[in-house]
Amino acid sequence: MSLELKNVSRTFGDNTVVKNITTSAAPGEIVGLLGTSGCGKSTILRAISGLDNDYQGEISINGNTSKEIHDTTGFIFQEPRLLPWLTVLDNVTFGLKGKKQEKEKLARQYLDSVGLKDNEALYPKQLSGGMAQRVAIARALVTSPEILLLDEPFSALDAFTKMQLQDLLLDVWKKYQSTIVLVTHDIDEATYLCDRVVILRGQPGEIAREITIKEPRPRARGSKLLADYKSEILDSLDLNRAHLLSS
Ligand SMILES: Nc1ncnc2c1ncn2[C@@H]1O[C@H](COP(=O)(O)OP(=O)(O)OP(=O)(O)O)[C@@H](O)[C@H]1O
Ligand SMILES: [Mg+2]
């Protein structure tokens, strides 16, 4: 599934929060949207998802410019947003169409792939933050989305769980070949996961730069090459103090 944004802007009242966003994602590509708080990352993601259709410009998915909610899109938010009165299994099958038995079979398959095979009968309050976020990932994947939109999906997790789930995301991406748009303000996460990082700046947020991460996968966290990309990204955000002082 390919995704294309042409001159997308969003205004609330007379406040323009994102301006002239033109970018794209090729089928199976992982594209990062990176920028400081308030630069409009979630706004762009909501427009892509069809949850918000009051934007200017054009967004097309596989060449189709409909502003409806696309049923081929999966969404993972910063917090899991599980339904507290449903079990893990029922949270994953919720919203699926079809026979109960088939829905549950499918849900179990995805719970297995996120490492929650034996936890299907638990309720959300019995889960750790990382487990709950895994359920959210399974729930998004069970619909076989061709485009997966992630809004800071790991930012509430501790560093170790975060790394595990980043690797899990790469595993499921390899298996299902979804096109992924990942909103993050974690530069290490962006360089580790993404094929391309779109850097947003300012208010209204505009694209400052796009950087292609040329390192093949699997990548090594903390490799020299990823560190160089990190430095380049910090430069584009005017956050690389050492470089600023020496220039
Ligand atoms: N529904 C809305 N009504 C009015 N203003 C809004 C609305 N949604 C977002 N904004 C404004 O748009 C700007 C961008 O918000 P957005 O949530 O897209 O930022 P963000 O880059 O995702 O930030 P963060 O990293 O903190 O999540 C903010 O100034 C916000 O106040
Ligand atoms: Mg946001």
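The values are calculated or read from the model by the stated rules, or taken from the named source; none is laboratory data. Not measured: the values here are computed from a predicted model. In this analysis, Cβ positions are derived from the backbone assuming ideal geometry, glycine residues included, and neighbour counts consider all displayed protein chains.
Counting only strands (runs of 3 or more DSSP E) that sit wholly inside segment 158-237, not one has at least 2 residues that are among the aromatic types (Phe, Trp, Tyr) and within 30 Å of Arg10 (Cα to Cα). With respect to the conditions (1) within 16 Å of ligand 2 (Cβ to nearest atom); (2) assigned to a loop (DSSP other than H, G, I, E, B); (3) not charged (D, E, K, R), Pro145 lacks only one, and its number is (1).
Considering only segment 224-245, I want to know if a residue exists there that is in contact (Cβ under 8 Å) with a residue 60 or more places away in the chain and surrounded by fewer than 16 Cβ atoms within 10 Å (Cβ to Cβ). Scanning segment 224-245, I find no residue that is in contact (Cβ under 8 Å) with a residue 60 or more places away in the chain and surrounded by fewer than 16 Cβ atoms within 10 Å (Cβ to Cβ), so the answer is no.
Among the residues of segment 227-246, is any closer than 26 Å to Ser128 by Cα and out of contact with any His (no Cβ under 9 Å at 6 or more places or on another chain)? There is no residue in segment 227-246 that is closer than 26 Å to Ser128 by Cα and out of contact with any His (no Cβ under 9 Å at 6 or more places or on another chain). Can you work out which of the residues in segment 6-23 that are under 20 Å from Asn62 (Cα atoms) and of a type in the set (Val, Ile, Thr) is farthest from ligand 1 (Cβ to nearest atom)? In this case the residue turns out to be Thr22. Could you tell me whether Arg81 is surrounded by fewer than 21 Cβ atoms within 10 Å (Cβ to Cβ), over 20 Å from Pro204 (Cα atoms), within 16 Å of ligand 2 (Cβ to nearest atom) and basic (Lys, Arg)? For Arg81, the condition - surrounded by fewer than 21 Cβ atoms within 10 Å (Cβ to Cβ), over 20 Å from Pro204 (Cα atoms), within 16 Å of ligand 2 (Cβ to nearest atom) and basic (Lys, Arg) - is met. Consider segment 127-179 and keep the residues that are among the polar types (S, T, N, Q) and either touching a strand residue (DSSP E or B) at 6+ places or on another chain (Cβ under 9 Å) or within 16 Å of ligand 1 (Cβ to nearest atom) (or both). The one that is nearest to Ala220 (Cα to Cα) is Ser155.
Got at least one residue in segment 91-105 being touching an Asp or Glu at 6+ places or on another chain (Cβ under 9 Å), buried (at least 22 other Cβ atoms within 10 Å of the Cβ) and within 29 Å of Arg201 (Cα to Cα)? Scanning segment 91-105, I find no residue that is touching an Asp or Glu at 6+ places or on another chain (Cβ under 9 Å), buried (at least 22 other Cβ atoms within 10 Å of the Cβ) and within 29 Å of Arg201 (Cα to Cα), so the answer is no. Screening Ala47 with (1) within 16 Å of ligand 1 (Cβ to nearest atom); (2) surrounded by fewer than 21 Cβ atoms within 10 Å (Cβ to Cβ) gives one miss only, at (2). If you check Thr22, Thr87, Thr16 for being at pLDDT 95 or above, among the β-branched types (Val, Ile, Thr), surrounded by fewer than 19 Cβ atoms within 10 Å (Cβ to Cβ) and in the same structural domain as Lys125 (by TED's automatic domain parsing), only one passes: Thr87. Answer yes or no: is there a residue in segment 119-139 that is outside the structural domain of Asp228 (by TED's automatic domain parsing), crowded, with 22+ Cβ neighbours inside 10 Å and among the basic types (Lys, Arg). Within segment 119-139, one or more residues are outside the structural domain of Asp228 (by TED's automatic domain parsing), crowded, with 22+ Cβ neighbours inside 10 Å and among the basic types (Lys, Arg). Residues that are closer than 28 Å to Ile233 by Cα number at least 3 in the following helices (runs of 4 or more DSSP H) confined to segment 7-115: 41-49.
Does segment 36-44 contain any residue that is more than 13 Å from Ala140 (Cα to Cα), among the aliphatic types (A, V, I, L, M) and at pLDDT 95 or above? Yes - at least one qualifying residue is present in segment 36-44. Going through (1) within 14 Å of the chain's Cα centre (by Cα); (2) farther than 24 Å from Glu146 by Cα; (3) of a type in the set (Gly, Ala, Ser) one by one, Gly222 falls short only on (1).
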